[in-house]
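Just so you know, all these numbers are worked out from the coordinates, no wet-lab data involved. Worth saying up front: this structure is predicted, and the values here are computed from it rather than measured. Heads up, the Cβs are rebuilt from the backbone with ideal geometry, glycines too, and the neighbour counts pull from every protein chain shown.
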Amino acid sequence: MKETLETKIADLKKKTIPKLQKKYEELFNGQKATSDNKIYLIRRIAYGLQELKYGSLSQKAENRLRELIKLYDPVNNKSIRPKISLETQARKKSLGRDRRLPIPGSVIIKKYKGKNIQVKVLDNGFEYNGKIYKHLTTIAEEITGVHWNGYNFFNL
């Protein structure tokens, strides 16, 4: 029976980390895996297998993707963040704004029990359902009814 791409990917979940690392090396021309995280390895190997079967992005598509990331990725692209003076930066550092948070004005989206939850990041807090909250944890608790770490709940 011929093994399909889907079964190959499904079988990755059953493999141990050393076997996944070996498969990674085979697939990526002897390049050592940069991680021993099982989920990461499964995803990278699955992507590599799909590239082998269907081909990778064209150079034109990759270039366009990089352009779009430069233009529209406010979390990772520092060039489009608002310019802040050194004095303001020092003040913000003393306030202790968590680096895991996206920049103010961004919207955190979470799907929970079939509902899309949207939380807007503010300078000093968060907005959810028209109310202002100081902590993500409070929002997570309101949504679930039980205590949750806000960063974990929203995958930040």
### Query
What is the magnitude of the charge dipole of region 5-54 about its Cα centre, with +1 placed on the Cβ of each Lys and Arg, -1 on the Cβ of each Asp and Glu, and no other charges, expressed in debye to the nearest 20?
180 debye
### Task
Over region 99-153, calculate the relative contact order: mean separation of alpha carbon pairs under 8 Å at least 6 apart, over the residue count, as a percent.
20 percent
### Query
Check Ile117: other-chain or 5+ apart residues with amide H under 5 Å from its amide H, H built from backbone geometry?
Lys110, Lys111, Tyr112
### Longest to shortest principal axis, alpha-carbon extents of region 99-153, angstrom
27, 21, 20
### Query
In a solvent-free Debye calculation with one equal scatterer on each Cα, what is log10 I(q)/I(0) for region 5-54 at q = 0.30 Å⁻¹, listed in the order of the q values?
-1.28
